[in-house]
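Participant: Can you keep this structure in mind? I'll have questions shortly.
The values are calculated or read from the model by the stated rules, or taken from the named source; none is laboratory data. What you see is a predicted model; the values in this text were computed from it and never measured. All Cβ positions, even for glycine, are placed from backbone atoms using ideal geometry, and neighbour counts span all protein chains on display. All accessible areas refer to the heavy atoms of the entire protein, side chains included, with ligands and DNA or RNA removed. Shrake-Rupley method; radii C 1.70, N 1.55, O 1.52, S 1.80 Å.
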Amino acid sequence: MGISCVKGCSLVLVIVAIGVGVGCHRPPNASMGVTVEFQIEPKPVRVGPVVICFTLTDAVNHPVTGAQIEVEGDMSHAGMRPVFAQANEVRPGRYESPLPLAMAGDWVILLHGTLSNGEKLERQFDVRDVRPN
């Protein structure tokens, strides 16, 4: 076996080791320890203004306070622009956001935010069968 083959094989092993090491690490801003409990009011959900309510808790069930969360509402089919609103913390760990749902059908609600410690938070919830008025 020549020296060039040994160097080439060593380089491949180093690249594979780096790839495996990178693949095993959790992204630094995954906010995996945060639980989100989601509700939408009123029930049943109808076209028009609704309130998106959610509670953030940490791994030991303490409220997650001071988060900055934007709420995005998208129809589950193409052709309609999304709607956006800012969530407000109404009590420790409890957030609410008004959101206008303009059409009947299925919606996807996305939460985009930053926790007080700088971690990113991304969650998605389906809202099925929004009824016409």
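Participant: For region 45-87, build the convex hull from the C-alpha positions and give me its volume per residue in Å³.
Facilitator: 114
Participant: If you don't mind, there's one more thing I want to ask. So with the 1.4 Å probe, I'd like the accessible area per residue for region 23-133, rounded to whole Å².
Facilitator: The answer is 58 Å² per residue.
Participant: A follow-up question, please. With a 1.4 Å probe and all protein chains in place, put MET103, MET75 in order of accessible area, largest first.
Facilitator: MET103, MET75
Participant: Leaving ligands, DNA and RNA out of it, rank THR55, THR35 by accessible area with a 1.4 Å probe, largest first.
Facilitator: These residues rank, largest area first, as THR35, THR55.
Participant: Can I ask one more? Quick one: if the Förster radius is 35 Å, what FRET efficiency do ALA104 and GLU37 give, using the C-beta to C-beta distance and rounding to 0.05?
Facilitator: It comes out at approximately 0.85.
Participant: Here is a further query. If you average 1/r over all unlike Cα pairs in region 61-133 and invert the result, what Kirkwood radius do you get in angstrom?
Facilitator: About 13.3 Å, per the Kirkwood formula over Cα pairs.
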